[in-house]
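Quick notes on the structure that follows.
The values are calculated or read from the model by the stated rules, or taken from the named source; none is laboratory data. This one's a predicted model, so the numbers in the text were calculated from it and none came from an experiment. Glycine also receives a Cβ, built like all others from the backbone with ideal geometry; neighbour counts cover every protein chain displayed.
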Amino acid sequence: MLLEAINVSKAFGSFLAVSGADLSVAEHEIIGLIGPNGAGKSTFFNCLAGDTLPTTGRIVFDGNDVTRASPEAHARAGIGRTFQVPATFEDMTVLENVMVGAYLRHPHRNDARDHARRIVELTGLRPDQPGRSLGTPGRKRLGIARVLATEPRLLLLDESLAGLTPTELQEAIALVRRVHETGVTIVIVEHIMEVIMTLTKRVLVFNQGHVIASGTPEAVVKDEAVIEAYLGRAHRRPAPERTP
Amino acid sequence: MKNLAVPHLRLVLLAAALLAYPLVFSSAFYRDVGVTFLLAAISASAWNIVGGYAGQVSVGHSMFFGLGAYTPLLFYTLFGWSPIAGIPVGIVLSVVLAVVIGMPTFRLTGHYFSMATIAVAELIRIFVGTWDFVGAAIGLQGPAVARGWWDLTFRSELPYYYVFLAVLAVVLVTTAIVESRRFGFYLRAIKASERAARSLGVPVRQTKLKALALSAAFTSVAGSLYACKTGFIDPDSGFGILVSVQMVIVAALGGAGMLFGPLLGAAILIPLQTATNTWFGGGGSGLTYILYGGIIVLIARFEPGGLFELWHRIWPQRRSRAHAA
């Protein structure tokens, strides 16, 4: 397994945001994390990325325990992440933004620039465009480009495709596919079911801090517990009547 | 080629203007204004490395300036050595102080870091003001008459001007190198978003600490130059809050995080400050505070990026209008 989260819990005071979540990700997989708002998926995601320290449990990446490692150490180990709200380096151009990521593995300026150019080309951005002038789709793409420049083995995408128009969404899905084809393993948190159904082969569903279902996207959308979590008890399918 | 030639031409013109200034304006008064301008530009450029590029707004940089100012005159007072001997010691002490202060305070972000730097600088000022070994509230004096060039004490302002100009060139070239390397990219990323920088593998605390150490070293040199020129230092002129505030305002006025921002800020603020002091004499000494306050309000309200950013915004619009015409 490339990544294993074992019995991960996170409490904020008396509030248990994540309770005993397990996750195993094999190399070259694309896994989706879904759940209603406040389900605990983002907190779990932040634990995987090193942004939040789990209260209990272990996170193992490529055989190494990274539970208490800093976000920098996660990046060095090969775990890259994007943010729900893209944190663009506004005063830099697209190329300079990507170079910040590229410098992790390419300390020399020319190497970093060449590597960043290749990534920018892959993501279809304009290298000389100022970061501050990008719209939402551009910022999302830049977020992915920047983290790709760190050459991650595992890419954690945090609602990176939210807020896009249908056309932009299709382009973004194609981009994630291209990234996956380069050999990167992907864990994706997303609300848009089209993205989950199109891209992932396996999905974990969170509700109230617990993993309530896991399996193929087709299976989880029919799961009673998932339907109840999203739509409420009233929408549960009635149990088949017993015949005497 | 044309794109590269234009900035180079501007650079040559700027260098020529700075070199020619004391020869064109040869009266002692104008030369003194020139020296004061260079000193302000050196200090603000030094501050700019950590405050402008990394966005860590230190309002206590006077602690490094004061250390740099006290050590040359302390060496002269204690051993009769040339003040120059104290300059490297001031640099080393400032770098050590930067690391000692940076380690705990860089756990803090935003206003908390600024407040911590003010507190430390004020504590040092009060401590130095009561410590007899360094002259307490009276301060220290340098050589009244130079024993040779190595005392860095000159009758004319001219040698000071060129020494200060050389130091400014070193600070600016170093900053330009920093700006174009990984270190500079990391500083700008940290300023924009520490969280995002961290996620890309940027060692945030280590990078900030390096920036503070480099900034402290140059600020210390500025303090040493000030002490050598005035031949006197006391707790207020070395460690006073106004020293720190001036660095921040000069950099912010021109453009914090821009190579020539502090130079532009100093070119505006120092003549303005000199003019108010000249017009109102000793009775107008409090005007400096009013001037600084007014500038802070104007920058914060209308142009937080400083005048260089305003220029960068206006110039492309004017150029594209000219092309369209």
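Structure data summary
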| quantity | calculated |
| --- | --- |
| Failed item, numbered, when B:VAL24 is tested on (1) of a type outside the set (D, E, K, R); (2) surrounded by fewer than 21 Cβ atoms within 10 Å (Cβ to Cβ); (3) touching a Phe, Trp or Tyr at 6+ places or on another chain (Cβ under 8 Å) | (3) |
| Residue under evaluation A:THR167, criteria (1) under 21 Å from A:VAL94 (Cα atoms); (2) assigned to a helix (DSSP H, G or I); (3) modelled with pLDDT under 90, criterion not met | (1) |
| The listed residue being within 30 Å of B:LEU272 (Cα to Cα) and either part of a helix (DSSP H, G or I) or in contact with a Lys or Arg (Cβ under 8 Å, 6 or more places away or on another chain) (or both), out of B:TYR30, B:TYR76 | B:TYR30 |
| Residue match in region A:96-114 (condition: farther than 27 Å from B:GLU179 by Cα and either more than 11 Å from chain B (Cβ to nearest Cβ) or under 22 Å from the mean Cα position of the chain (by Cα) (or both)) | no |
| Selection from region B:150-196 of residues that are more than 7 Å from chain A (Cβ to nearest Cβ), aliphatic (A, V, I, L, M) and in contact with a Ser or Thr (Cβ under 9 Å, 6 or more places away or on another chain) | B:LEU152, B:LEU158, B:LEU168, B:VAL171, B:LEU172, B:LEU187, B:ILE190 |
| Sole exception among (1) surrounded by 18 or more Cβ atoms within 10 Å (Cβ to Cβ); (2) at pLDDT below 95 for B:PHE185, by number | (2) |
| Pairs where the first residue, in region B:178-201, is within 20 Å of B:PHE218 (Cβ to Cβ) and the second is among the hydrophobic types (A, V, I, L, M, F, W, C) and assigned to a helix (DSSP H, G or I), C-beta under 6 Å, 6+ apart | B:GLY184/B:VAL178; B:LEU187/B:ALA211; B:ILE190/B:ALA197; B:ILE190/B:VAL204 |
| Yes/no for A:ILE173 being of a type in the set (Val, Ile, Thr), at pLDDT below 90 and either closer than 30 Å to A:ASP62 by Cβ or out of contact with any Pro (no Cβ under 7 Å at 6 or more places or on another chain) (or both) | no |
| Residue in region A:59-82 that is surrounded by the fewest Cβ atoms within 10 Å (Cβ to Cβ), counting only those that are at the interface with chain B (Cβ under 10 Å from one of its Cβ atoms) and in contact with an Asp or Glu (Cβ under 6 Å, 6 or more places away or on another chain) | A:PRO71 |
